[in-house]
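The values are calculated or read from the model by the stated rules, or taken from the named source; none is laboratory data. Computed from a prediction, not measured in an experiment: that's the story for all the values here. A quick note on method: Cβ atoms are made from the backbone with ideal geometry, for glycine too, and the neighbour counts reach across all protein chains shown.
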Amino acid sequence: MPKKLLFEYAYIGSKIEKDVTIEFDDKGIITAVSKGNSDHKQITKGIALPGFVNGHSHSFQYGLRNYTSTPQDFKDWVKNYLYDLVENLTLESMKRLTKKAYEEMLISGITTVAEFHYLYKDLPPATSPKEVINGIIEVAKEVGIRLRLFLSGYDLGSKPAQKKFQMSFEELKKIVTELHFQYLNDPQISIGVAPHSLHGASEEMILGLSDLANELDIPCHIHLAEQYSDIEEARESFNDTPLGYLNRLGIITERLHIIHGIWLTQEEIKLFGKKGGTLVCNPITNMYLGDGIVNLDEYYQYGVPVSLGTDANTQINLAEESLMAEYLQRLKFLKMGVLTAKSGEDLWRIRLKMITENGAKSLDLPIGSIEVGKYCDLAVINLDTELNSEQKIHFTIGHAISEVIVGGQKINLNC
Ligand SMILES: [Zn+2]
């Protein structure tokens, strides 16, 4: 017997419909969506939106909120803040920070997170990378968030903190394969792969993980062209640009999703669009780290789906990320309406698409819209104002979340 939820309004297709019933099965998958129900006793007030999809997170970096001094630049941040935190983490403190981050995500309407995880070793009392990885999965199960866990390959570098990240490709391949099959039929947990970056992953690691993603039919994420110095370093190491190097390796396909992509040229964005990859953009982290402003204008021009992530988790609100993504275009081009002109859509639809439908593409999961066959993951906004429904979505998403549902199950937001 399918279960059902009734809403005053719901965002179905590209329309806001009134009096909507959503039915779902035991796995939390939507089996029917109908309009015009009349059972007003059970109805939930507000607008049910697809649950938000966080395309990129390092949950343990929530711990950097405890640091009160200000880094001077990205390299200072990595060396004296990030690595300091990493060197002092235990399994329990990592789990505690992850739990805080995931709870905050749920409160702001995020129902799925792409966790880009690269911490594996020397987190006492854990004695194996799998024990650390299981710690993340346990936290996701405990709080109820849907998790695509991207296990990152990092085999370069000699700093003490980097030792905690390092694993050989063969060892990582074994773990990824085991976990992938262990969770293959689990509706809440799934596995992805992620060569960390051009400075963290060797060519063997990048090629190996790309092949493994094809073999297991799972997505592959990589940090690329975040800082301008990434361009200079790629020129020195590979005599190429970061994207040019990946193209030479032959791994740019629909399965590859790049994180950041700030310093790509127009020609590279065009090429990336042709090959079908997606971009995961992290505007608040990019502002925080002084990375630069991504050229969304060109990503939209060449049809690259743009999704968003909370990355360093300095603040967790994906709706706010979507607003910042668009505001930064205003600063970059010194005009308003850059993305609306390019896509022909209203701004609230562009914002919503980034954090739902496009996020689903970068995670390759059946989420991001309210339709049959997708998981029943919802973020309900409810605010009594004179605004009409579209205005409510534009002004309040992320600030007036009254209910969050993952796989048909209501999440307790009083954590
Ligand atoms: Zn990142």
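The rows are residues; the columns are (1) outside any loop (DSSP other than H, G, I, E, B); (2) aromatic (Phe, Trp, Tyr).
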| site | (1), (2) |
| --- | --- |
| Tyr299 | yes, yes |
| Arg330 | yes, no |
| Lys342 | yes, no |
| Glu345 | no, no |
| Asn358 | yes, no |
| Glu371 | no, no |
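What about Lys342, is it crowded, with 21+ Cβ neighbours inside 10 Å, over 23 Å from Tyr62 (Cα atoms), at pLDDT below 95 and not aliphatic (A, V, I, L, M)? Break it down stepwise before answering.
Numbers: crowded, with 21+ Cβ neighbours inside 10 Å: no; over 23 Å from Tyr62 (Cα atoms): yes; at pLDDT below 95: yes; not aliphatic (A, V, I, L, M): yes.
Spelling it out, it is not the case that Lys342 is crowded, with 21+ Cβ neighbours inside 10 Å, over 23 Å from Tyr62 (Cα atoms), at pLDDT below 95 and not aliphatic (A, V, I, L, M).
For region 171-281, give me every one of the strands (runs of 3 or more DSSP E) that falls completely inside it and has 1 or more residues that are more than 16 Å from the ligand (Cβ to nearest atom) and touching a residue at least 12 places away in the same chain (Cβ under 8 Å).
On the way: elements: 189-195, 220-224, 256-260, 278-281.
In region 171-281, 189-195 are the strands (runs of 3 or more DSSP E) which contain 1 or more residues that are more than 16 Å from the ligand (Cβ to nearest atom) and touching a residue at least 12 places away in the same chain (Cβ under 8 Å).
Look at region 77-90: where a residue is in contact (Cβ under 8 Å) with a residue 40 or more places away in the chain and closer than 22 Å to Pro124 by Cβ and a partner is of a type in the set (Lys, Arg) and surrounded by fewer than 17 Cβ atoms within 10 Å (Cβ to Cβ), sitting 6+ places away or on another chain with Cβ atoms under 9 Å, you get Tyr83/Lys159.
Within region 34-46, identify whether any single residue is assigned to a helix (DSSP H, G or I) and free of Cβ contacts under 8 Å to residues at least 60 places away in the same chain, and answer yes or no.
Just the residues of region 34-46 that are assigned to a helix (DSSP H, G or I), to begin with: none.
No - not one qualifying residue is present in region 34-46.
In this structure, is Phe24 among the aromatic types (Phe, Trp, Tyr) and either touching an Asp or Glu at 6+ places or on another chain (Cβ under 6 Å) or buried (at least 22 other Cβ atoms within 10 Å of the Cβ) (or both)? So Phe24 passes the test. Just one of the listed residues (Ala140, Ala161) is in a helix (DSSP H, G or I), touching a helix residue (DSSP H, G or I) at 6+ places or on another chain (Cβ under 8 Å) and at pLDDT below 95, and it is Ala161.
The set of residues from region 1-50 being out of contact with any strand residue (DSSP E or B) (no Cβ under 9 Å at 6 or more places or on another chain) and not charged (D, E, K, R) comprises Met1, Gly13, Ser14. Selection of region 136-150 for residues being over 11 Å from the mean Cα position of the chain (by Cα) and among the charged types (D, E, K, R) yields Glu138, Lys141, Glu142, Arg146.
Does Glu326 fit the bill of being within 16 Å of the ligand (Cβ to nearest atom), in a helix (DSSP H, G or I) and not basic (Lys, Arg)?
no
Of all residues in region 49-61, those that are more than 15 Å from Ser322 (Cα to Cα) and in a strand (DSSP E or B) have Cβ atoms under 8 Å from Cβ atoms of residues that are of a type in the set (A, V, I, L, M) and within 16 Å of the ligand (Cβ to nearest atom), 6 or more apart or on another chain, in Ser57/Ala101; Ser57/Met105; Ser57/Val113; Ser57/Ala114.
In the condition set (1) touching a Leu at 6+ places or on another chain (Cβ under 6 Å); (2) within 16 Å of the ligand (Cβ to nearest atom); (3) closer than 18 Å to Arg146 by Cα; (4) of a type outside the set (Asp, Glu), Gly51 is compliant with all but (2).
Any idea which residue in region 295-312 is farthest from the ligand (Cβ to nearest atom), counting only those that are of a type in the set (S, T, N, Q) and in contact (Cβ under 8 Å) with a residue 40 or more places away in the chain?
Filtering region 295-312 for residues of a type in the set (S, T, N, Q) gives 295, 301, 307, 310.
Subset that is in contact (Cβ under 8 Å) with a residue 40 or more places away in the chain: 301, 307, 310.
Numbers: Gln301: 25, Ser307: 14, Thr310: 10 Å.
Per the criteria, the residue is Gln301.
Yes/no matrix, rows are residues, columns are (1) surrounded by fewer than 22 Cβ atoms within 10 Å (Cβ to Cβ); (2) part of a strand (DSSP E or B):
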| site | (1), (2) |
| --- | --- |
| Met94 | no, no |
| Leu97 | no, no |
| Val113 | no, yes |
| Asn134 | yes, no |
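Within region 396-410, the set of residues being of a type outside the set (Gly, Ala, Ser) and surrounded by fewer than 17 Cβ atoms within 10 Å (Cβ to Cβ) comprises His399, Gln409, Lys410. For the residues Ser389, Ser362, Ser402, the requirement of being closer than 30 Å to Asn214 by Cβ and among the small types (Gly, Ala, Ser) singles out Ser362. Out of curiosity, is Gln315 without any contact (Cβ under 8 Å) to a residue 40 or more places away in the chain, within 16 Å of the ligand (Cβ to nearest atom) and farther than 16 Å from Thr356 by Cα? For Gln315, the condition - without any contact (Cβ under 8 Å) to a residue 40 or more places away in the chain, within 16 Å of the ligand (Cβ to nearest atom) and farther than 16 Å from Thr356 by Cα - is met. What about Glu403, is it of a type in the set (Asp, Glu), over 16 Å from the mean Cα position of the chain (by Cα) and within 22 Å of Ser190 (Cα to Cα)? Criteria not met by Glu403.
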